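Data first, discussion second: the structure below is written as structure tokens.
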């Protein structure tokens, strides 16, 4: 089974938020799974920078992997994998027993960035 350990450093001022995430996965390219191995072409870490803005009714976010085990493009250069997201909070029901709340998570920590998860009550 693949193991994962993530660290996030972020800063928010007003609706603006930005930061970096360090994602560590067991397995390739370092089968010995050394957490403190930061070799440019042999680390199990992926480093991602993000910047976003929360407008209240919707938020936008841009994330880019800038170092680590991000992969390469067809020319063999760093891929700089990126994604953009737009999200908006919502409720699916007014019943207190059937509410789907929208909450943002980054690396399993409630933050204002990274991937979206939905929780049901």
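Each value in this text was obtained by applying a stated rule to the coordinates, not by laboratory testing. None of these values were measured; they are calculated from a predicted model. Positions of Cβ are generated from backbone atoms using ideal geometry, with glycine treated the same way; all protein chains shown enter the neighbour counts.
Things to note:
- Distance between the modelled labels on residue 39 and residue 58, one decimal in nanometres: 4.6 nm (7 Å Cα→Cβ projection).
- Sequence of 13, 51 once ranked by neighbouring C-beta atoms within 10 Å, starting from the fewest: 13, 51
- Simple label model, 7 Å out from Cα along Cβ direction - residue 87 to residue 13, nm: 2.3 nm
- Gain upon complete extension [residue 32, residue 51; 0.36 nm per residue less C-alpha separation]: 3.5 nm
- Residue order for 80, 53, 23, fewest other beta carbons within 10 angstrom first, comes to 80, 53, 23.
- Each of 5, 50 was scored by other Cβ atoms within 10 Å of its Cβ. Listed from fewest to most, they are 5, 50.
- Order by protection proxy (mean Cβ within 10 Å, highest first), peptides 35-42, 72-79, 59-66: 59-66, 35-42, 72-79
- Alpha carbon centroid spacing (whole Å) that separates segment 77-92 from segment 1-69: 13 Å
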